[in-house]
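Heads up: the structure comes next, in structure tokens.
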Amino acid sequence: MRQTFLGVFGIVLFLALWEVVGRTQVLGISWPPLSDVLDMLAAPDRRALFQRALGATLESTALGYLWGASAGLILAAVAHLLPALRRGSDRLAAVLNSVPSIALGPIFLVLLTRESTPAAVSSIHVFFIVFVSVSSGLQRATPAHRDLFAVLGADRLKRFGRLEMPAALPSLVSGLRLAWPAALIGAIIGEWFGAPRGIGILIINAMQNFQIVLLWCAVLLAVGASLFFYGLLTLLERAAYARFG
Amino acid sequence: MEETKRPLLLRLVEDYWGILLLLIAWQAWVVINRFNPIVMPTPTAVLHDLVSHPGVYLDNVAITLAIAVFGLVMGMLVGTGLAVAAWFSPIASGLLNPLTVLFSSVPVVALIPVIARLLGYDTSTVLAIVVIITFFPSFVFASSGLRQPPPGSEDLFRVLGSSRLDLLRRLALPAAMPNLAIAFKLASAHAILAAMVAEFLMGTTGLGYLFAKTKSDFQTEQAFGASLVATVISAAAFLAAGWVEKKVRERYS
């Protein structure tokens, strides 16, 4: 109770501080008061712009999230079933994750279209997180359970489907939760390489044209989109741990 | 050891089949489509550029690496320091905890333009961005680690009459080490990539700037060379940090 109160108070304090710093302009004009940013976010004449940008970014993020999560899940499952491939797939995943996102943009631009580059960059981020979490989750089944399945005559695939996959579910869901902000970052960076619209475009344009309040609006939109789905996934994670943890 | 018994070739294929496949596919894709090297160079052309202009790469690697390492150390120090301060004061930790959890799920790349506007477009801003990005994981992981000493051990320390400072030094900090190692692993891979994105956006110096500049000058081979170097460094940092994490876990838990 006390912790909740303190936590809420901390957030309110932060927002109030933001407003005061903006009003008094201690940090210069680059730090606008929160109320100005919220005013612009709510302004009717900007609504269409924000909706288009947010819609485009969310669509790319969701697509990339889906591709990346599927690829990570499949590669982790294959590497688990065929141990000879395991070491190589670990290294492939680590290297893919180490490619700078700004380099992925131009590659996907040639490989795909301008419109699907954000989703592709985002899918690489998601792929790694899901791959790592599923790989470690698949090893969570206890030896006793494995022995039981062996004694009862379950083959490799049955053991995988009925024992190891369910045991890996909590890790998968944790991975999915952590992957969302990463997916959003991927989509935003991907948009810098010629996407027609999106939060990333809004951020770059506002930054280059010195539209400070607009820049903060775009950042707030990105933060909001991140936190909203992150919160939803946290709830899903709790449910998964309660059932399979 | 079985490791050394496997023939070298088999070991290479087993460990690196994915990466080899990727490189072969890249080479084949460019050759078959007959891409102009300005659009998409082959991996061999990129490698050739790397070997023939080592100076350009080395200078920029040195800058980016220095910023990443220095920023990582500062970020971890500030994060751990604040976590310790919050450990001393329940009020401070109550105020800070939800905020940092909130911030750690924020897409940090979106904040780079804002930080750049606030601090100006130069190298110290790149450093600040790396510090901020590595701060969050270290604060979050250090705070939770400080609060998870083995059950009962805190009572023992209290019964034996140790001060709060002793408790911190001999119990809470060692208990937080494995968590800090995880934070280190997460942050070290991100430090270089974050520095690169910042350099790319602000056009100052370093690998990210080299990438942006060569890309717009149509020296695509060099742009990909810069990315290749960054990939290798970042993957090496990730592997090295994983090794450190394992050692710390063995030592402290």
Inset, instruction - Kindly state which helices (runs of 4 or more DSSP H) lie completely within region B:144-206 and contain at least 2 residues that are modelled with pLDDT under 80 and within 21 Å of A:Ile102 (Cα to Cα). - result: B:173-202
Inset, instruction - Check off (1) closer than 30 Å to A:Met165 by Cα; (2) modelled with pLDDT under 90; (3) not β-branched (Val, Ile, Thr) for A:Met1 and give me the number that stays unchecked. - result: (1)
Legend entry - Residue check for B:Ser93: hydroxyl-bearing (Ser, Thr, Tyr) and within 22 Å of A:Phe5 (Cα to Cα): yes
Legend entry - Candidates A:Ala94, A:Ala141, A:Ala79, A:Ala69 - the one that is within 30 Å of A:Lys158 (Cβ to Cβ), within 13 Å of chain B (Cβ to nearest Cβ) and either of a type outside the set (Asp, Glu) or in contact (Cβ under 8 Å) with a residue 24 or more places away in the chain (or both): A:Ala79
Inset, instruction - Would you point out the residue of region B:210-230, among those that are facing chain A (nearest Cβ under 8 Å) and of a type in the set (Phe, Trp, Tyr), that is surrounded by the fewest Cβ atoms within 10 Å (Cβ to Cβ)? - result: B:Phe211
Inset, instruction - Check whether at least one residue in region B:242-250 is small (Gly, Ala, Ser), touching a Ser or Thr at 6+ places or on another chain (Cβ under 7 Å) and within 12 Å of chain A (Cβ to nearest Cβ), and report yes or no. - result: no
Inset, instruction - Tell me, please, whether a residue that is touching a Gly at 6+ places or on another chain (Cβ under 9 Å), among the hydrophobic types (A, V, I, L, M, F, W, C) and farther than 12 Å from B:Ala142 by Cβ can be found in region B:82-89. - result: no
Legend entry - Residue pairs meeting the criteria (Cβ under 9 Å; at least 6 apart or on separate chains; first more than 19 Å from A:Ala42 (Cα to Cα) and facing chain B (nearest Cβ under 7 Å), in region A:212-239; second assigned to a helix (DSSP H, G or I) and among the charged types (D, E, K, R)): A:Tyr230/A:Arg177
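So, B:Leu207, is that one surrounded by fewer than 23 Cβ atoms within 10 Å (Cβ to Cβ), within 11 Å of another protein chain (Cβ to nearest Cβ) and among the aliphatic types (A, V, I, L, M) or not?
Values: surrounded by fewer than 23 Cβ atoms within 10 Å (Cβ to Cβ): no; within 11 Å of another protein chain (Cβ to nearest Cβ): yes; among the aliphatic types (A, V, I, L, M): yes.
It is false that B:Leu207 is surrounded by fewer than 23 Cβ atoms within 10 Å (Cβ to Cβ), within 11 Å of another protein chain (Cβ to nearest Cβ) and among the aliphatic types (A, V, I, L, M).
Could you tell me which of the residues B:Phe135, B:Phe103, B:Phe141 is at pLDDT 85 or above, hydrophobic (A, V, I, L, M, F, W, C) and under 23 Å from A:Arg177 (Cβ atoms)? Walk me through how you get there before you give the answer.
Details: B:Phe103 fails: at pLDDT 85 or above; B:Phe141 fails: at pLDDT 85 or above.
Answer to the selection: B:Phe135.
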Legend entry - region A:186-218, residues that are surrounded by fewer than 24 Cβ atoms within 10 Å (Cβ to Cβ) and part of a helix (DSSP H, G or I): A:Ile201, A:Ile204, A:Asn205, A:Ala206, A:Met207, A:Gln208, A:Ile212, A:Val213, A:Leu214
Legend entry - Any helices (runs of 4 or more DSSP H) falling wholly within region B:1-105 and containing at least 3 residues that are in contact with a Lys or Arg (Cβ under 8 Å, 6 or more places away or on another chain): B:8-33
Legend entry - Exclusive hit being in contact (Cβ under 8 Å) with a residue 40 or more places away in the chain, more than 12 Å from B:Thr134 (Cβ to Cβ) and either of a type in the set (Gly, Ala, Ser) or in contact with a helix residue (DSSP H, G or I) (Cβ under 8 Å, 6 or more places away or on another chain) (or both), set B:Ala45, B:Ala85, B:Ala66, B:Ala62: B:Ala45
Inset, instruction - Output the residue which, of all residues in region B:88-111 that are within 7 Å of another protein chain (Cβ to nearest Cβ) and under 19 Å from B:Arg147 (Cα atoms), is farthest from the chain's Cα centre (by Cα). - result: B:Ile91
Inset, instruction - Could you please give the count of residues in region B:86-122 that are crowded, with 19+ Cβ neighbours inside 10 Å and more than 24 Å from A:His125 (Cβ to Cβ)? - result: 8
Legend entry - Which numbered condition A:Arg114 fails, given (1) without any contact (Cβ under 8 Å) to a residue 40 or more places away in the chain; (2) touching a Gly at 6+ places or on another chain (Cβ under 9 Å); (3) outside any helix (DSSP H, G or I): (1)
Inset, instruction - Could you please find all residues in region B:113-154 being small (Gly, Ala, Ser) and either in contact with a Pro (Cβ under 7 Å, 6 or more places away or on another chain) or away from every other protein chain (no Cβ under 11 Å) (or both)? - result: B:Ser124, B:Ala128, B:Ser138, B:Ala142, B:Ser143, B:Ser144, B:Gly145, B:Gly152, B:Ser153
Legend entry - Pair list, Cβ under 6 Å, 6 or more apart: region B:174-194 residue under 18 Å from B:Gly81 (Cβ atoms), other residue surrounded by fewer than 24 Cβ atoms within 10 Å (Cβ to Cβ) and hydroxyl-bearing (Ser, Thr, Tyr): B:Pro174/B:Tyr252; B:Met177/B:Tyr252
Inset, instruction - Answer yes or no: is there a residue in region A:40-51 that is buried (at least 18 other Cβ atoms within 10 Å of the Cβ), within 14 Å of chain B (Cβ to nearest Cβ) and either touching a residue at least 40 places away in the same chain (Cβ under 8 Å) or in a helix (DSSP H, G or I) (or both). - result: no
Inset, instruction - Go through (1) out of contact with any Leu (no Cβ under 8 Å at 6 or more places or on another chain); (2) surrounded by 24 or more Cβ atoms within 10 Å (Cβ to Cβ); (3) more than 10 Å from every other protein chain (Cβ to nearest Cβ); (4) not polar (S, T, N, Q) one by one and return the number of the condition A:Ala168 breaks. - result: (1)
Inset, instruction - Could you tell me which residue of region A:19-33 is farthest from A:Ile203 (Cα to Cα), considering only residues that are in contact with a helix residue (DSSP H, G or I) (Cβ under 7 Å, 6 or more places away or on another chain) and more than 13 Å from chain B (Cβ to nearest Cβ)? - result: A:Glu19
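The values are calculated or read from the model by the stated rules, or taken from the named source; none is laboratory data. Keep in mind it's a predicted model, so treat the numbers as computed, not measured. Cβ: placed from backbone, ideal geometry, glycine included. Neighbour counts: every protein chain shown.
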